[in-house]
Every structure is written in C-alpha cells, then in structure tokens.
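Below: one structure, written as structure tokens.
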Amino acid sequence: LEWAIGRLDARIVLPVLPNVGMNIAACLNSASSASEVAAIPGKITAVEGELRTHGKPQFGSSKHLAEMLLETRKSDATKAAIINIRPPGDFEGTDIDAVQEACNQLGWELADADRTGLEDSNSTIDVILDIGDFGWEPSLYVVGSSPLDVVDRCHTLIKTLGGME
C-alpha cells in the first residue's frame, strides 16, 4: 500500500480529491472482515499541492472502504484493492452519464452503491458509483487486483473523465 500511495500522481488526483478525504485499501484473498483489510488511518489529504498520509497502513483503519471492498469481492473475487475519488458533477448532482461513458470507453463494468453498500451488480466490477444523498458525499470507487493496479486504474479513469493529463 505504501508503494502504491507513492505512485499516486498529485497533479492527476488533486482535482478529484473528495472533501471527506481519499483512501486506498487492500486485503488478502482470505479476508472476511473489515479488520482484515488494510488502509491508511486518517485518509490521504492534500498539503501544499502534495498528497500526504497521517500514518502507515493498518488493518481495520477504514471501515467504510473495507466493507465496500469485501462487498465487491462477493461478486468479483479478483478484486483485492479499492480507492475513492470524487465523481464528476456540480451542486446539481453527480454526472452519472460521464461516469458511464468513461467506463464504456474503457470497457469497464460500473456498479451502483448507496450509503447501505453495493447494489446488485454483474460478476465483474471495475468502478462503483455512489451518487450520494443528503449529508452523504458522492463517491467513485475504483477497484483492482492490487494496490498498484488500483492506482494505475484510478489515473486512467480520471484522464478518461477529462481530468489532467
């Protein structure tokens, strides 16, 4: 996880950094509970244009991301890592069409989620969209086979959505 975090490109990621902060989580194939998923305690934040963490990865440090990853693994056991970014949109709401179009261009499968978790999905999941709710910030989750895979896929999705090159 630390190596993957070091590969995050701040120029690409900063424009889509969620207000609630960003995190990355990963687990072994045997993981069955949130305490068996490692993430960064306190999130990844921006400080003077650079991405910073507030500690080393620890198991059980992100309950929400851990639960989303474990839910994903029920449909797609090939996924072992997840990262969250802010989806495109404005004060009127999330641009669902832009996310779907980017996934179509990449040949990726998009799943839906809400604050209760993942909704019914296909057997393959590449991206999860939670459009948010009152008091619940919209989120876009990118999943992959490893932390490095998730970082590469995250950069690819942001670029496809029209983020910085």
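Residues in the chain average 51 Å² of solvent-accessible surface per residue, probe 1.4 Å, ligands and nucleic acids excluded. Each peptide among 18-24, 89-95, 34-40 gets the average number of other Cβ atoms lying within 10 Å of its residues, and from highest to lowest they stand as 34-40, 18-24, 89-95. Using a Gaussian network for the chain with springs between C-alpha atoms less than 10 Å apart, which of these wobbles most: LYS43, LYS56, LYS79? The residue with the greatest mean-square fluctuation here is LYS56. Comparing mean-square fluctuations of PRO138, PRO41, PRO147 from a GNM of the chain with C-alpha springs under 10 Å, the top value falls on PRO41. Using a Gaussian network model of the chain in which every pair of alpha carbons under 10 angstrom is joined by a spring, one finds that among SER33, SER139, SER62 the greatest mean-square fluctuation is at SER33. For the chain, the alpha carbon convex hull comes to 106 Å³ per residue, rounded to a whole number.
The values are calculated or read from the model by the stated rules, or taken from the named source; none is laboratory data. Note that this is a predicted model, so its numbers are computed, not measured. When we count neighbours, we look across all protein chains shown, and the Cβ atoms used for this are built from the backbone with ideal geometry, even at glycine. What goes into the accessible areas is simple: the full protein's heavy atoms, side chains included, and nothing from ligands, DNA or RNA. Shrake-Rupley method; radii C 1.70, N 1.55, O 1.52, S 1.80 Å.
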